[in-house]
Amino acid sequence: MLVQKVVAGAGTPTPGETAKTGVGVRTPATNQEVLNMRYAFLISLLLGGTSMTMAQEAKTLIYQFKVTTIDGQKIDLAKYKGKVLLIVNVASECGYTKQYKELQALHAKYAKDGLAILAFPCNDFGQQEPGDDAKVKDFAKKEYGVQFDLFSKIKILGKDGAPLYQFLTSKKTNPNHAGDVKWNFEKFIIGRDGTIIARFQSDTEPDAADLMDVLRRELAKK
């Protein structure tokens, strides 16, 4: 009969005791092994708790930001809790400016279902939003009849970028869709619970099939 060889020590059975347990039966763990297992268990709990905390934080942080409306009023994004958000950086002199029309059509059709479009004018990309807030608002209203929420001009790129956009583009808070904004009219979709659901580049029209699939799916969640 083949007997497992063990080294006797504190908390370790003697060879005779091992033989009595029978072949194929696991012998009791040593004190050190017990300590190692307890340590590994505690670490897994701590890491699991940290991951859960970070995930929850990523869902709620977007509502902690304050932004300024196109009329100069400071508001909390918390007012949009429970809504599906489409956040877009806009410009009045861009080849994609015509997307204002599709955005307004989405607002007209889905606002009643819980969609909120948040548009942030920005001059970082090709200097295609040179006007002040009053001019931006006048242009959007007159040319496209915009009724969704417009906000004061912001910076997106660099260390002075708006905190909201740092959150939207950071790998820490948006690991699946991170990276700098490349141009005007990039779109982020935020779920009703604050989760960053999807990101679409400038050339994706607001009424494109893939974007609409995501919007409808999120709007269907109550």
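Rule-based calculations on the coordinates, nothing more; no lab input. Being a predicted model, the structure only gives us computed values, none of them experimental. Using ideal geometry, Cβ is built from the backbone for each residue, glycine included, and neighbour counts are taken over all protein chains shown.
Note on the stretch 65-219: Rg/Rh from Cα positions, Kirkwood definition for Rh, rounded to two decimals, is 0.92. The 3J(HN,Hα) values that the Karplus relation (6.51, -1.76, 1.60; θ = phi - 60°) gives for the stretch 96-111 are, in residue order, 9, 4, 4, 5, 3, 4, 5, 5, 5, 5, 4, 4, 5, 8, 10, 4 Hz. Gly and Pro appear as x.
The per residue volume of the convex hull around the alpha-carbon atoms of the stretch 87-150 is 69 Å³.
Report the FRET efficiency, 1/(1 + (r/R0)^6), for K142 and I75, where r is their Cβ-Cβ distance and R0 is 30 Å, rounded to 0.05.
On the way: r = 24 Å, r/R0 = 0.81.
It comes out at approximately 0.80.
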